[in-house]
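**Student:** This is the structure I want to talk about, given as structure tokens.
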Amino acid sequence: MIIGSRPLKFQVTVDHDQCMLCGRCVDNCSYNVYRMEDGRIKVNSRNCVACHRCLAQCPRDAIMIAERPCDYRNHPVWTDRVRENIYKQAESGKILSGGMGNTGDYPIIFDRIVLDACQVTNPSIDPLREPMELRTYIGKKPRKLDITYGPGNDVELNTKLVPNLKLETPIMIGHMSYGAISLNAQMAMAKAVSRIGSFMGTGEGGLHEGLYPYQNNMIVQIASGRFGVDVNYLNRGAAIEIKIGQGAKPGIGGHLPGEKVCADVSCTRMIPEGSDAISPAPHHDIYSIEDLKQLVLSLKEATEHQKPVFVKIAAVHNVAAIAAGIARSGADAVVIDGFRGGTGAAPAVFRDHVGIPIEAAIAAVDTKLRQQGIRNEVSIIASGGIRHSADVTKAICLGADAVYIGTAALVAMGCRVCGTCYRNLCAWGIATQQPDLVARLNTDEASVNVENLIHAWTLELAELMGAAGINSIESLRGNRDRLRGYMLDESMLDVLDIKPVGA
Amino acid sequence: MSVVEIEAQGMHYTPLNKLIRKAVADGASEIILKHVMGQRFIGDGLTGNVRITVEGVPGGDLGMFMKGPTIIVKGNADHAPGNTMDEGLIVIHGSSGDATAHSMRGGRVYVRDDIGYRGGIHMKQYMEKKPVLVIGGNARAFLGEFMAGGLIVLLRLDQKEPEPFAEMSLASGIHGGAIYIRGPVEKWTLGIGAAAREATVEDLSVITPYVQEFAEQFGLNPAEILSSMFTRIAPVSARPFASKYIWE
């Protein structure tokens, strides 16, 4: 007890004049903050994680949650977080972990890039009136087309095209595994992408039978743990993604705690119930870029060359050279996950300090692939901290073919980004396997929310393109001339290959 | 019973696998691949009950993702035979490379001679699916690393009285399954989370059917093999990393 108690992270107060004693807060809080005692709602603020489930369910707005009403003495270097982490590690001697993405106070490059619009000299396009081509094909494109002209207007294509994924919008949902999130959460997103004509990833948790009806819109993942991977799984997916790394924790493996491996998760992952699901840091059959090619080809061979194969890497210092290697491995797309990418749990030191921002990574990879004349060999999918349609648009202008969203899709289903995913107590039924909590997430309603979000962003993307006088996503991709940097230094402008505002 | 012969000389692996798949679809019960020379991915993702004989040396990832077939290799194999294999049997009349039986989920891989590094790494089991790797000769470092289930049996038959096993990082991070090594094991070879002890008679009954099948494949005497002293390596805990983290 040398260190003793620390200030409350969140203080919960109930306005007893407003409270009608309905008890919804008691029922809804999975962290045991509330109890009904002596005809009053009593609270234990120490348990609160600020997931706001109680606020959302309170019919009388009687609940107030304040963040650190009594804080540590202010200090610009020894911040409350720094001190708190030292206390925890001094007491435990353990690696500090947390949920959700990067919490480091880094400037967001997207917020220092502005988009262009037409004025006078070239007309903008009204998407209400004109068709906007947002359809995106993910996969290899031929270097050139070999065409034979027959009699009349008859044209024959001799070039053999390889399978691509057809997206009606360049917005997909990234890989969040069954285990990390609930089946209802996966189901809701699967329904949404099926209706939209987009895709979502399974993560490294196998494909639950309940998702088979949506398999044509699902990308199955194969990661270092090879959980749930068999030939049936590979054949069901619309595409296969090899996960090498993840933006939230580049260079390290994954670890689903035994508590989250319930009977159903165990069945889908094909491991015993209650055992830890440990994904090693590397794939132990990939120790080189040549080995990666071997795995890419083995997946193509196993599925008779019918499935595009993606390779996902975390954005790290040499991301461009690595992506160029991937482009030559036979892969059809490279997924780059920036350092703001989310996770159910990651060591905080990795989450906050390893990797680079997605904006710089997209630009570097696109530039490198174009310089080497192999941009057509792979599509670029960008992920990690895509928050709204402007981020999507800027990512595409920097060179991405499409984006993966993750956290944004969860937020669309109610997630408050409390960062407590690893406790298996998610009050929203998203990051939990407890049946009573999972049942809170209605898959039909949640799927409409996710669909609405992607639909709205797609509309905004079309509007932004129209304003810039662009009517096809092909003309937006890599169109860095339509970006300007605002308060970015010269070296950053060089990496992004964009001009500053006013230039 | 129909036997199909395929001449593999100079053929790329994709057309070769196509011919194999076609033969299986046409109802072949046995396929003989002649003059195999380094073709990778033979039997990759193949399902069914066919028996394939490989005459020659196959390339890497033999029988990867395979579900059901039997592959008999009349020679050595390259790296990772039985990679992420699901069901079936691979018998190698020779040695194989690194990552043999990598991430294997079910079925059996029998290697007459030696294997390279990382044998049986991250093998795992579920319900009735229990992968088995039996090696007649020696194995290099990282045997059974991250093992989550299944069985590895290392016989070292080239030594009548085997020297103590002396390859590093044996079973490091093991959290399921078991490894049996004929003869003693140097204590320093054990990786994090692995514990070793002399195998009991009861333990040996677990490996007996596989040793018998292995011996049958290669014309050996199983009773003689099983009369030796074995060391059993198993996880200390099913959750080796449970106490590594604290939460923000």
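Throughout, read-outs are computed from the coordinates displayed, never taken from laboratory work. From a predicted model like this one, the values you see are computed outputs, not experimental measurements. Please note: Cβ atoms are built from the backbone with ideal geometry, for glycine as well, and neighbour counts cover all protein chains shown.
**Student:** Take residue B:127 and residue A:456, extend 7 Å from each Cα along the Cα→Cβ direction, and tell me the distance between the two endpoints in nm.
**Tutor:** Taking the simple label geometry, residue B:127 and residue A:456 are separated by 4.2 nm.
**Student:** Here is a follow-up. Give me the number: length gained by fully extending residue A:119 to residue A:77, i.e. 0.36 nm times residue separation minus the C-alpha to C-alpha distance, one decimal in nm.
**Tutor:** Numbers: separation 42, 0.36 × 42 = 15.12 nm, distance 4.71 nm.
Using 0.36 nm per residue and subtracting the Cα-Cα distance, I get 10.4 nm.
**Student:** Which of the lysines could be linked to residue B:129 by a straight reach, that is with a Cα gap under 21 Å, when you skip same-chain ones fewer than 8 residues away?
**Tutor:** Candidates past the 8-residue exclusion: B:67.
**Student:** Then there is this: Count, for each residue of A:251-257, the Cβ atoms from other chains sitting within 10 Å of its Cβ, then give me the mean as a whole number.
**Tutor:** 2
**Student:** Here's a follow-up. Restricting to the stretch A:147-500, what percent of DSSP beta bridges are antiparallel, rounded to 5?
**Tutor:** On the way: 6 of 37 bridges.
The antiparallel proportion sits near 15 percent.
**Student:** For the stretch A:446-503 and the stretch A:341-406, what is the separation of their Cα centres, given in Å?
**Tutor:** 13
**Student:** Assigning unit charges at the beta carbon (Lys, Arg +1; Asp, Glu -1) and nothing else, what dipole magnitude in debye, to the nearest 20, does the stretch B:3-235 show about its Cα centre?
**Tutor:** For the stretch B:3-235, the charge dipole is close to 460 debye.
**Student:** Please list, by residue number, every one of the chymotrypsin sites (Phe, Trp or Tyr not before Pro) in the stretch A:68-121 that is coil in DSSP and has at most 13 other beta-carbon atoms within 10 Å. Intermediate results must be reported in sequence, preceding the final value.
**Tutor:** Values: sites: A:72, A:78, A:87, A:110; in loops: A:72, A:78.
Within the stretch A:68-121, the qualifying chymotrypsin sites (Phe, Trp or Tyr not before Pro) (loop, at most 13 other Cβ atoms within 10 Å) are A:78.
**Student:** Which of the lysines could be linked to residue A:160 by a straight reach, that is with a Cα gap under 27 Å, when you skip same-chain ones fewer than 8 residues away?
**Tutor:** Filter leaves A:140, A:141, A:144, A:293, A:300, A:307, A:312, A:368, B:18, B:22.
**Student:** If I take every Cα pair under 8 Å that is 6 or more residues apart in chain B, average their sequence separation and divide by the length, what percent do I get for the relative contact order? Don't skip to the end; give the middle numbers.
**Tutor:** Numbers: 759 pairs, mean separation 24.8, N = 248.
Across chain B, relative contact order equals 10 percent.
**Student:** Applying 1/(1 + (r/R0)^6) with R0 = 41 Å to the Cβ-Cβ distance of residue A:442 and residue A:155, what FRET efficiency is obtained, to the nearest 0.05? Before the final figure, lay out each step's value.
**Tutor:** Numbers: r = 50 Å, r/R0 = 1.23.
E between residue A:442 and residue A:155, to the nearest 0.05, is 0.25.
**Student:** Within 10 Å of each residue's Cβ, count the other Cβ atoms and sort A:187, A:172 from fewest upward. Kindly include the intermediate steps, with their values, before the conclusion.
**Tutor:** Numbers: A:187 21, A:172 27.
By the 10 Å Cβ count, ascending, the order reads A:187, A:172.
**Student:** If you don't mind, another one. Per residue of chain B, what 222 nm ellipticity follows from adding -39500 (n - 2.57) for every DSSP H run with n ≥ 4, rounded to the nearest 500?
**Tutor:** Numbers: 3 runs with 36 residues, N = 248.
One gets -4500 deg cm²/dmol as the mean residue ellipticity at 222 nm.
**Student:** Count the DSSP beta bridges whose two residues both fall in the protein assembly as shown, then state the antiparallel fraction as a percent rounded to the nearest 5. Could you put the intermediate results ahead of the total?
**Tutor:** Values: 33 of 109 bridges.
About 30 percent, rounded to the nearest 5.
**Student:** Still on this structure: Please determine, in degrees from 0 to 90 and to the nearest 10, the orientation of helix A:80-92 with respect to the longest principal axis defined by the Cα atoms of chain A, where the helix direction is its Cα long axis.
**Tutor:** Its long axis makes an angle of about 70 degrees.
**Student:** What is the gain in length, in nm to one decimal, between residue A:259 and residue A:47 on full extension, counting 0.36 nm per residue of separation less the C-alpha to C-alpha distance? Can you show the working numbers first?
**Tutor:** Numbers: separation 212, 0.36 × 212 = 76.32 nm, distance 1.96 nm.
Gain in length upon complete extension: 74.4 nm.
**Student:** Quick one: order B:155, B:143, B:190 by neighbouring beta-carbon count within 10 Å, fewest to most. Mind dumping the intermediate values first?
**Tutor:** Working: B:155 28, B:143 31, B:190 20.
Going from sparsest to densest Cβ surroundings: B:190, B:155, B:143.
**Student:** A further question follows. Given Cα pairs under 8 Å that are at least 6 residues apart, what percent is the relative contact order of chain A?
**Tutor:** Values: 1067 pairs, mean separation 94.4, N = 503.
Computed over chain A, the figure is 19 percent.
**Student:** Note the angle between two axes, namely the Cα long axis of helix B:201-218 and the longest principal axis of the Cα atoms of chain B, as a number of degrees from 0 to 90, rounded to the nearest 10.
**Tutor:** 30
**Student:** Further question: Looking at the square roots a ≥ b ≥ c of the eigenvalues of the Cα gyration tensor of the protein assembly as shown, which shape do they give, rounded for a/c under 1.5, prolate if a/b is larger than b/c, or oblate? Could you put the intermediate results ahead of the total?
**Tutor:** Details: a/c = 2.04, a/b = 1.26, b/c = 1.62.
Since a/c reaches 1.5 but b/c is at least a/b, the shape of the protein assembly as shown is classed as oblate.
**Student:** Extending each Cα 7 Å along its Cβ direction at residue A:68 and residue A:387, get the distance between those two points in nm, one decimal.
**Tutor:** Result: 1.9 nm between the two label points.
**Student:** Any idea which of B:217, B:52, B:146 is furthest toward the positive side of the dipole for chain B, if Lys and Arg beta-carbons carry +1 and Asp and Glu beta-carbons -1?
**Tutor:** Of the options given, the answer is B:146.
**Student:** Right, another one. Would you mind ranking A:51, A:118, A:426 by Cβ crowding within 10 Å, fewest neighbours first? The partial results should precede the final answer.
**Tutor:** Values: A:51 27, A:118 14, A:426 33.
With the sparsest Cβ surroundings first, the list reads A:118, A:51, A:426.
**Student:** If I fit a long axis through the Cα atoms of helix A:358-371 and take the longest principal axis of the Cα atoms of chain A, what angle between them do I get, 0 to 90°, rounded to 10?
**Tutor:** Value to nearest ten degrees: 20.
**Student:** Which trypsin sites (Lys or Arg not before Pro) does the stretch A:90-175 hold that lie in a coil by DSSP with at most 12 other beta carbons within 10 Å? It would help to have the intermediate numbers written out before the result.
**Tutor:** Working: sites: A:94, A:112, A:129, A:135, A:140, A:143, A:144, A:160, A:166; in loops: A:94, A:129, A:135, A:140, A:143, A:144, A:160.
Those that pass, being in a loop and sparsely packed, are A:129, A:143, A:144, A:160.
**Student:** Now a separate question. Going by the alpha-carbon gyration tensor, a ≥ b ≥ c the square roots of its eigenvalues, is the stretch B:43-133 rounded (a/c under 1.5) or, if a/c is not under 1.5, prolate (a/b greater than b/c) versus oblate?
**Tutor:** Working: a/c = 1.83, a/b = 1.15, b/c = 1.58.
The shape class here is oblate.
**Student:** Excluding residue B:227 itself, what net charge comes from residues whose Cβ is under 13 Å from its Cβ, given Lys and Arg +1 and Asp and Glu -1?
**Tutor:** For residues surrounding residue B:227, the net value is 0.
**Student:** Could I ask something else about it? Using a 10 Å cut-off around each Cβ of peptide A:296-307, what is the average number of partner chain Cβ atoms that fall inside? Numbers along the way, then the final one.
**Tutor:** Numbers: counts 0, 7, 12, 5, 4, 14, 11, 3, 6, 2, 0, 0.
What the average comes to for A:296-307 is 5.
**Student:** How would chain B be classified by its alpha-carbon gyration tensor: rounded, prolate or oblate, with rounded meaning a/c under 1.5 and the a/b versus b/c comparison settling the rest? Kindly include the intermediate steps, with their values, before the conclusion.
**Tutor:** Numbers: a/c = 2.08, a/b = 1.58, b/c = 1.31.
Since a/c reaches 1.5 and a/b is larger than b/c, the shape of chain B is classed as prolate.
**Student:** Could you state the number of Å between the C-alpha centres of the stretch B:1-80 and the stretch A:15-30?
**Tutor:** 66
**Student:** Taking 0.36 nm per intervening residue step and subtracting the Cα-Cα distance, what contour gain separates residue A:141 from residue A:129 on full extension? Working shown, then result.
**Tutor:** On the way: separation 12, 0.36 × 12 = 4.32 nm, distance 3.06 nm.
Working it through step by step, the gained length comes to 1.3 nm.
**Student:** Could you tell me the calculated FRET efficiency between residue A:497 and residue A:281, based on Cβ-Cβ distance and R0 = 30 angstrom, to the nearest 0.05? Present the calculation step by step, with values, prior to reporting the outcome.
**Tutor:** On the way: r = 33 Å, r/R0 = 1.10.
FRET efficiency, residue A:497 to residue A:281: 0.35.
**Student:** Given a Förster radius of 51 Å and the C-beta distance between residue B:197 and residue B:26 as r, what FRET efficiency does 1/(1 + (r/R0)^6) yield to the nearest 0.05? List each step's numbers first, then the result.
**Tutor:** Numbers: r = 51 Å, r/R0 = 1.01.
FRET efficiency, residue B:197 to residue B:26: 0.50.
**Student:** Report the relative contact order of the stretch A:381-465, percent, no decimals, based on alpha-carbon pairs under 8 angstrom and at least 6 residues apart. Mind dumping the intermediate values first?
**Tutor:** On the way: 84 pairs, mean separation 22.6, N = 85.
Relative CO of the stretch A:381-465 lands at 27 percent.
**Student:** At residue B:2 and residue A:372, where each label point lies 7 Å from the Cα along Cα→Cβ, what is the point-to-point distance in nanometres?
**Tutor:** Between residue B:2 and residue A:372, the label points sit 4.6 nm apart.
**Student:** Would you calculate, for chain A, the mean residue ellipticity at 222 nm contributed by helices, counting each DSSP H stretch of 4 or more residues as -39,500 (n - 2.57) and dividing by all residues, to the nearest 500? Could you put the intermediate results ahead of the total?
**Tutor:** Details: 16 runs with 149 residues, N = 503.
For chain A, the value works out to -8500 deg cm²/dmol.
**Student:** Can you pull the mean other chain C-beta count within 10 Å for peptide B:79-86?
**Tutor:** Details: counts 3, 6, 0, 0, 6, 10, 2, 5.
Mean partner shielding for this stretch: 4.
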